[in-house]
Each structure stands twice: as structure tokens, then as C-alpha cells.
Amino acid sequence: MITLRGLTKRYGDKVAVDGLTLEIAPGKVTGFLGPNGAGKSTTMRMILGLDRPTAGTALIGGRAYASLRHPLREVGALLDAKAVHPGRPARAHLLAMARSNGIPTTRVDDVLETVGLTQVARKRAGSFSLGMGQRLGIAGALLGDPQVLMFDEPVNGLDPDGVLWVRRLMRSLAAEGRTVFVSSHLMSEMQLTADRLVVIGKGRLLADAPVAEVISSSSRNAVRVRTPQPDALIKHLSAEAGPPHLTPTGQDELMISGLPIERIGSLCFEHGIPLYELSPQQASLEEAYMELTGASVEYEAGVR
Ligand SMILES: Nc1ncnc2c1ncn2[C@@H]1O[C@H](COP(=O)(O)OP(=O)(O)OP(=O)(O)O)[C@@H](O)[C@H]1O
């Protein structure tokens, strides 16, 4: 469990993280989303004691990182895969980490095997590709067999095979009852990997809910209706209290949002309007995310 209470970080006038209060529960993959500069890395750094909060607290299993005797056995993290001495072989890097945290050295070969780096364990980390570097970073996070794991953009640079492997790894770590907190900009990947989402913008909490709830709250959820009598349907829909939003998408086709599918079906039945299609159109996580964060995007490219 990770617990944040009023967690705040200011850099001069800039508020990077603004009063975050939330719990990241065990047994789940919690995705951490937000536009560039939203404060995700700063939040993770404060949880790991790498940045000092201006106000508030961040606790791991009820304790501050600084008070953990063997931190790697409590929390494993991949923040920056490049933060490895380039001249040091992968195995030596992990051995040094293990020794400084009272972790048996047999774990080193176990995690090298888990991440698929056994064959290249004696090669210098500096010679690794981006994807191999990510795998080494993940090996470091897993080394102490911790209950809490945090990954900042873990699939960055991985090929499709690697992306699938990371997804399965996150799911299996959560299934073992661990707390898995992972940031990403890849919405389709998060939709497949996460149980729950924490979305922030300009340092503030925008959403903290199960993935399905974040998606269902989007106004992009709609119902597609095909009927030979669209005008009759439009007339009856307009008479509804709180009229729905209608978009004609073809000669005999309408997209309707803001009215339950059951009500649309009943209206058609009551007024004898034939239906050729009545189907829910679910918003993607990407659409829901864009809607949530629209007002919080800090670095926006000009439209060309
Ligand atoms: N050491 C620092 N000094 C000053 N400002 C900082 C520092 N570190 C971060 N910031 C600012 O704090 C804000 C949050 O940055 P942070 O890196 O946490 O965002 P992020 O959500 O991780 O972004 P990205 O998705 O681009 O990685 C940004 O505006 C950033 O410029």
C-alpha cells in the first residue's frame, strides 16, 4: 500500500504536485496518467525519498521511505533505466545492489532469468539497447522481492514482445498481492494492463477510479441507431427531459449520447419506429483521458 496525504512539491513559484491525497492499494495494477509535466515523476520521486515534499506525506506500507531499513526489500522501482553505470556489467550492477540491501546474491541470477538477460549478464550495461536497459531496470526493481513496485514508463523502448512481457509481469505481480504503480503515456496499453487509474493534471488529482469507471464517465459514450425513420426518432428524442446530443452519421444513422440505450429502445417501440441497429459505442480510454485532461495540458503543440 502506498498512502499519499496532501503531498505537495513546489519549485519556486511552480507547483509541481498539488495536495495529492490517495491510496494505491495492493493486489492491483494502478496506472498513473497525466500530460507531460503533470507531476508524475515528481510524485514517484517523493514516494522514494528522492525529493523532499514541500508539504504532506508519502508512506509505503505505513512508513516513510527514509525509515525503511532495507528499502529494496520493501519497494522496488524503475524510474530511469539509464541510471546505471555504463561501464559496469549487468550482473555486477545487480550484485552491488543486492549486497547493499542484505539480499541473497542468488536472487541476482533469478531476476536476470525473469527479465531474460541471463545470456548478456556479463556485458557492460552501457552496451545495452534501450529495451535491454529497461529490462535491467525492472530486474533491479524485482531484486528485493518487494511488496510495492513502481515503474515510470516501463515499456518505453520495448518491442511488441517486450510490451506483452511487461504487461504479463505487472498482472502477475498484482495477482501475487503486490502493489503495482505504473506510469505511462500509452493509453491502449494502460487499458489492457491496469485495474485502476490515477489521473493528474498540473499536479492535481483529476480521477482515481477503476478503468471501466473512467471510461464510462466519458461523454463520448454513445448509442448508434439505424432506422428508416430518423426524423420521427429525432422529434421524440427532442421531447425528452434533458434532451440527448444527436449527431446524424449517415442517411438512416444517428449517434446519440446522454440517454440510456434502454430508453432509446423503448421510445422506438412506443412510437412504432423500426430499428435496424441499436448498439452501444464505448469511448476509448484515450478519448476519456483527453476529455479529463483537456484543461490541464501544459505543453501543447500548435496545430498545423
Ligand atoms: N528539479 C526541478 N526544478 C524545477 N522544476 C522542476 C524540477 N523537477 C520537475 N520540475 C517541474 O515540475 C513539473 C512536474 O514535472 P514531472 O517531471 O514530475 O512531470 P511528469 O508528469 O513526470 O512529466 P513527463 O510525462 O513529461 O515525464 C514540471 O513542470 C517540471 O518542469
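Summary table below
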{"item": "Angle between the chain longest axis and helix 130-142 axis [Cα atoms, degrees, rounded to 10]", "result": "70 degrees"}
{"item": "Of VAL17, MET190, ALA212, farthest towards positive along the dipole that unit charges on Lys, Arg, Asp, Glu beta carbons give the chain", "result": "VAL17"}
{"item": "Ranked by how many other beta carbons lie within 10 Å on average, peptides 120-127, 236-243 from highest", "result": "120-127, 236-243"}
{"item": "Only Lys, Arg (+1) and Asp, Glu (-1) charged, at Cβ; segment 222-281 dipole about Cα centre in debye", "result": "60 debye"}
{"item": "Net charge, GLY144 excluded, C-beta distance under 14 Å - Lys, Arg +1, Asp, Glu -1", "result": "+2"}
{"item": "Efficiency of FRET between SER279 and ILE234 - r from beta-carbon atoms, R0 25 angstrom, step 0.05", "result": "0.85"}
{"item": "Positive-pole candidate from PRO146, TRP165, LEU95, dipole of segment 59-187, charges at beta carbon", "result": "LEU95"}
{"item": "Contour excess over end-to-end distance, with Cα ends at GLU23 and MET290 and 0.36 nm allotted per residue", "result": "93.7 nm"}
{"item": "Virtual spin-label span in nm between GLU298 and LEU164, 7 Å along Cα→Cβ", "result": "3.7 nm"}
{"item": "Residues with amide H under 5 Å from that of LEU78, placed H, sequence gap 5 or more", "result": "MET150, PHE151, ASP152"}
{"item": "³J(HN,Hα) computed for each position of segment 120-126 - Karplus, 6.51 cos²θ - 1.76 cosθ + 1.60, integer Hz, glycine/proline x", "result": "10, 4, 9, 8, 5, 4, x"}
{"item": "Spatially close lysines, pair count over the chain: Cα under 16 Å, gap of eight or more or interchain", "result": "6"}
{"item": "Dipole in debye (nearest 20) - the chain, about Cα centre, beta carbon charges: Lys, Arg +1; Asp, Glu -1", "result": "1660 debye"}
{"item": "Within the chain, helix-based [θ] at 222 nm, where runs of 4 or more DSSP H residues each add -39,500 (n - 2.57), nearest 500", "result": "-9500 deg cm²/dmol"}
{"item": "Global geometry of segment 222-281, whether rounded, prolate or oblate, following the gyration tensor of its Cα atoms and the 1.5 cut on a/c", "result": "rounded"}
{"item": "Calculated from backbone phi, Karplus (6.51, -1.76, 1.60) coupling profile of segment 183-192 in Hz, x at Gly/Pro", "result": "8, 6, 9, 8, 5, 5, 5, 5, 4, 7"}
{"item": "For ASN101, net neighbour charge (Lys/Arg +1, Asp/Glu -1) across residues whose Cβ lies under 14 Å away", "result": "+2"}
{"item": "Simple spin-label estimate for ALA96 and ALA209 in nanometres, 7 Å along Cα-Cβ", "result": "4.6 nm"}
{"item": "Residue-count net charge about MET46 - beta-carbon cut-off 14 Å; Lys, Arg +1, Asp, Glu -1", "result": "+3"}
{"item": "Mean separation of Cα contacts under 8 Å (6+ apart) over length of the chain, as relative contact order %", "result": "21 percent"}
{"item": "Extended-chain gain in nm, criterion 0.36 nm per residue less alpha-carbon gap, THR105 and GLU253", "result": "46.8 nm"}
{"item": "Selected from LEU79, PRO26, THR3, residue furthest toward positive end of dipole (segment 1-144; charges at beta carbon)", "result": "LEU79"}
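Every read-out reported here was derived from the displayed coordinates using simple, explicitly stated rules and does not represent laboratory data. This is a predicted model, so every value here is computed, not measured. All Cβ positions, even for glycine, are placed from backbone atoms using ideal geometry, and neighbour counts span all protein chains on display.
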